[in-house]
Structure formats: structure tokens, C-alpha cells
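To keep things clear, I will list the structure first and then write my remarks on it.
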Amino acid sequence: MPEEPVTPDGATAAPYASYLDLLARGAAVDAYDRPVARARAGGAAPAVLADLEQAKRLALRVRAELEGRRRREAELAALFETAHDLAGLRDLDAVLRAIVQRARSLLRTEVAYLSLNDPVRGDTYMRVTDGSVSARFQQLRLGMGEGLGGLVAQTARPYVTDSYFDDERFRHTRSIDAGVRDEGLVAILGVPLTLGSQVIGVLFAADRRARVFEREQIALLGSFAAHAAVALDTANLLAETRSALTGLERANAIIRDRSAVIERASEVHDRLTELVLRGGGVDDVTTAVSHVLGGAVAFTDAAPPAGAADGRAVRDGDVWVAAVTAGGEVFGALVLHGDADLDPVDRRTLERAAMVTSLLLLADRSAGEAEQRVRGELLDDLIDAPDRDRRLLRERAARLRADFDAPHVVLAARLGRQPAPPGDRGGTPAKDGTGADRRRLWSAATHLAATRRGLASARDGGTVLLLPLAPGDTPAGLARMTARHLGGALHEPVTVGGSSPVGAPADHPGAIAPAYAEARRCVDALTLLGRTGEGGAAADLGFLGLLLADTRDIDGFVERTIGRVAAYDRRRGTDLVRTLQAYFDSGMSPARTKDLLHVHVNTVAQRLERVAHLLGQDWQSPDRALEIQLALRLHTLAPALANRGPSR
């Protein structure tokens, strides 16, 4: 790669160009240190070196994100390819070999293998291996409860060890340890192959060195194990069909019925595979299965009955239910209405549809969480580092389809009545306790921000949103809409405080942090005033809002409070504002007011009736009276304040 041009002070002419080139070429991580090293060797200024360091960090973050996405795409593609293989199952051994090979490739292990249980001998034996070099290891048989694999086969639970021979959880036997040692294995992960509640074998991934398997890798291997179990189950069904062809004299009628069922199962397998490959959704799955099974199938996020938790379709009243799960997490269930009974193949069809649904939901969630994180990171950068390159901020906003050219409002949203914990900061909320509620709030806020071309992030025990102002919108109205939307989505009160309008973030990134501070003060005030579950901005809070707002809108406060009275005086040539001032100066006594104004007491009463008509009958309540008196004082001081320039 040619050297970049260097200015007299040692700075590169294009600090970001080299990192873009490295990203485009897919360079290794250590290559990202070279531009900084060259600049430092050339005597670049500290500011230039700092810019290069920042560019390097951003480039490495983008590289890591791209690597993660490529890995997830490869994992989903492998799962989809496996589902496609099952739909056209011809050679069971070939499918099992493909599953083991893909598991080894995606988990990047040195060895992968699959064992099946022998119900006659009561043990489990090696069925398929990939990467194995030891004949002794390939011929191993493990008794139930012996070694890691025997324990998985016995308990139907996944087990993992980063150093097998040092792990005392497993029952070590001479034959098993000899085979494992002969193969040179150290780190081993095993997951069960199950059909319903029955364990039929174990799928393994292993390395010849110490290694920690991550939770996502365990879930991925579990998905491959589920596919392997489906392959075995389908092969058994086909074997049963062939046996029926040769075992009964009246097989013709049975064959026709069985063929129709299998044909329907094959049809739904083909349709589900096509849906997965072309990126279909849950609604597409339910439509396809409804057509094949001849009943109405719907997805529900409610917890399935206890009997459906093991992956089997079960009868629950007048419906059939199949749990939608992945890696031990329950997403909901597929519910079939309109059929009194289902034969075994149709039950398997409903169960496999539930499995495909779980894959689609996992893919959607992964994509959604990735976009949520990116939106949150951009908003966090606007608040924490407003001096970032504006061109890059605009480019990041454009990729998220966020409108950075319109005026915006910053909104602080919070669940419950407690004030924000100081310094609570972090993009993705925790999943347990109060953190689970924060995650739900963050997710709902991110969805709202995406639909309105804005941003959202989890901060300070709640969520912050940056939303553009549409024509006719006000900060208070936008805050109330957001409180209603989030409260309805979460089925519990959400309090939302809004800032004063800020300019386009692309041109005024430094205005976002002060606006967020104002929004937090507003949500704190709403909570302290007992208005939990409401939305509001400084304009909603009278003189309290005047104190909370970063922009001291004195004229706006006066207009909202006594503007109708002042306008009436201008139109009619009356003296209602002066009458109000005298009324409060005299301790709200009409008798003393008439002396100050030198008019009849009846005249005072008539003027106060007109004031009540203009301001409302509650204008003398303590809260309203306090705001009116403050507005009158500010109205009197308006000329002096105007001579001093704009208020802040």
C-alpha cells in the first residue's frame, strides 16, 4: 500500500481514508495500528494523532460489527441450508454428516461428532465424526452417566467443559479417557438430540486446547441438534411407511392415506423452507401451515401449557398447541383451531412450523437489537461527545434514516415514581429485576423513534428520545403523545419530560446535551408534582417550567398567563391589567382596590368579572394567583428586560 501524503507538521492529508481502505480490504486487526505509527514517526501534531486514534477506534468498532453480522449471517445460512436438506431428505448419513461438518465450521472447532443412543444395550455410540484422527475414539461407546456425553444422554441437558480431564463433574472411565486422550481433546461441548422428552443421542463440538464456549455457541449447536433429531425422526417415519407397504394385505388404502399425510408434510416443509430462504415472517408461516393442516393457525406470545414445553404438540381444550422455543427461551406458541384430532405427521408438521417460527423470531430480534444499539450509540455520541465530525454524524443518521435536518425535541422517559439514579449509563438494559422493565421501555422507545425518523437510547435509569418536530407539533404535545404511546405499549405508566425545541442536530450537535438535561429536570418535576404517567414540557408547568427551561421564555410565559387580559385592554382601551395589579397589591380586597384606582367598588367588581371570563373561574386559586402575580411583575418589567437583550 503506498504511503499517504504528509503535511509539514507530520499530519496525514486524509486521516480517515486509510481506515476506510482497511475496512474495504478486510484487513487484519494489527493493520489498523500502522497509520498512527506512520503519523507518529513523521512527527505529527498531538491533535492529529488524537484524530487518528479516534478514527482507528471507530474503524475497529465498524469492523467488529461487520464481523459479527457476517458471523450471524453464516450461522443463519447454515441453519437454513440444513432445513432445506431435511425437506428433500434422501440419505440420512449425508444429512447427519452435513450437520456435523457445519457445526464444526461455524463453531470453529477442531472436531465435531454425533452419537446415538442404543436402547437395547443402554448406552450411546459414535455415529458420525468430522476432524477425528483416532480409530479408538471413533469406536467409543459411553454408558449412561459416563463421561460428558453419557451425562448429556442421561440428563437431556447440555454440558460444557474447558478442560475435560480436570473436570470432576464427569464420571471418568478408563476406556473413555483413553479414547479422548488418544484424540487429544481438551475442551468439549455436548448438547442432546431430543424427540419430545426422549433423548436419542448427543451432538458434540470439541477442541484440542482449552477453550470457553459462549452461550450463543451453545444455542447454535442446540439448533443443529434439533435439525439432526428431525432428520432421524423423518427417516423413521419413512421407514414405518415402507414397512407398512410390505407388511399388510390391505396396504393400498393405508398407503394412500399415509402418502397424503406425508405429501402434506413435504409440502409444508418445502413452503417453510422457501419462506425462510426468502426472508418471510411469522404471518407467512401461520398462513402456510393453516393451508396444509386445514385449520386456522395463529401465533401467540402467551406462555404455552406445561405439556408443550418439551417441543411436542399437545391438545389444550379444543385447540392444539406447539411451543415456540430456542435455546431454552420461550417466545410463545403456535395454536391450531378447527380440528378435533391430528395424526402424528400433522403433529410433527405443527412442531416443525414452531421450530421455523423460533428461527425467524431469533433472526428478527438479532437484527432489531443491532439497529437499536446503533441508534442508541449515535444518540449517546450526540450527548456525550457533541464535537464529533459533523459529516460523520450526518452519514450515520442517513444510514439509520434519521431526519437530522429538522428541529428536534429531546424527551426523557421513565417508568415508576423513583427519580433517576445518578450516573446510571449504558446502552443495553439488564434483563433481570428492574432492568427487565427498562429493557421493555428501551425497546418500545426505539420502535417509536424508528417510525418517526428519530433516535433512542437507554440512559440514567430510563430512556432518552430525540424526535423531529413535524409541522404543528409542540414539545408538550410530543411529550404527551410519547407518554401515551409508551404507556400503552408497556401497559403501565410512563412519565415523559420534553425539552424546548433545538435546531437541526446536523448543525447544532452541541445543543442536544443541554436539552437532555432540561428534559430530565422536567420529568423530575412531573414526578414530584404527582403527574406520573403524563407527558409535558416546560410550557406545561407555568412559572416552574420557566425555572426548569434552559431558554427563559419570559414573553411566552406572560402571554400564556395573562395574554388574553392584555389583548382585551389593547382592543377595548380598558384597564384590566392595572386593575389586576391593584387587586393583588391590596391583598385581594375589592374595597382597598377601589381606593387605589379611585373608582367605585362596583366598577372593580365588573372588571374582576371580566377577568374571570377571560382567565377562567379558578384564576384566584393559590396556584393560578401566584402565576398571575408573577406574570404581572414580568409584564411591568418587560421594557427593562428588553433593553438588556434576550433572556437566558
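A few remarks follow.
- Pairwise label distance in nanometres, D283 with S163, each label 7 Å out on the Cα-Cβ vector: 5.5
- Spin-label pair Q139/T574, simplified geometry with 7 Å Cα→Cβ offset, distance in nm: 11.0
- Fully extending the segment from T474 to A612 would add 46.9 nm, taking 0.36 nm per residue of separation and subtracting the current Cα-Cα distance.
- For S132, nonlocal amide neighbours, meaning residues 5 or more places apart or on other chains whose placed amide H falls under 5 Å from its own, are A112.
- Using the Cβ-Cβ distance between A517 and A64 with R0 set to 25 Å, the FRET efficiency from 1/(1 + (r/R0)^6) comes to roughly 0.20.
- Per-pair calculated FRET efficiency, R0 = 41 Å: R564 and R215 via Cβ, rounded to 0.05: 0.05
- The stretch between D341 and A31, if pulled fully straight at 0.36 nm per residue, gains 105.3 nm over its current Cα-Cα span.
- Shape of segment 558-643, Cα gyration tensor, a/c cut at 1.5: rounded
- The order of the peptides 162-171, 95-104 by mean Cβ neighbours within 10 Å, most packed first, is 95-104, 162-171.
- Take the Cα of D507, step 7 Å toward its Cβ, do the same at D93, and the gap between the two points is 7.3 nm.
- The calculated FRET efficiency for A17 paired with R633, based on their beta-carbon distance and R0 = 56 Å, is about 0.40.
- For L142, neighbours were defined as the other residues whose beta-carbon sits under 14 Å from its Cβ, and their charges (Lys and Arg +1, Asp and Glu -1) total +1.
- If you take the Cα centroid of segment 439-515 and the Cα centroid of segment 30-55, the two points sit 38 Å apart.
- Fully extended contour minus Cα-Cα distance, from A24 to A625, at 0.36 nm per residue: 209.7 nm
- Charge tally for F204 (other residues, Cβ to Cβ under 12 Å; Lys, Arg +1; Asp, Glu -1): -2.
Only the coordinates and a few stated rules stand behind these numbers; no lab work does. Keep in mind the model is a prediction, meaning the values are calculated, not measured. For neighbour counting, all protein chains shown are included, and Cβ atoms are generated from backbone atoms with ideal geometry for every residue, glycine included.
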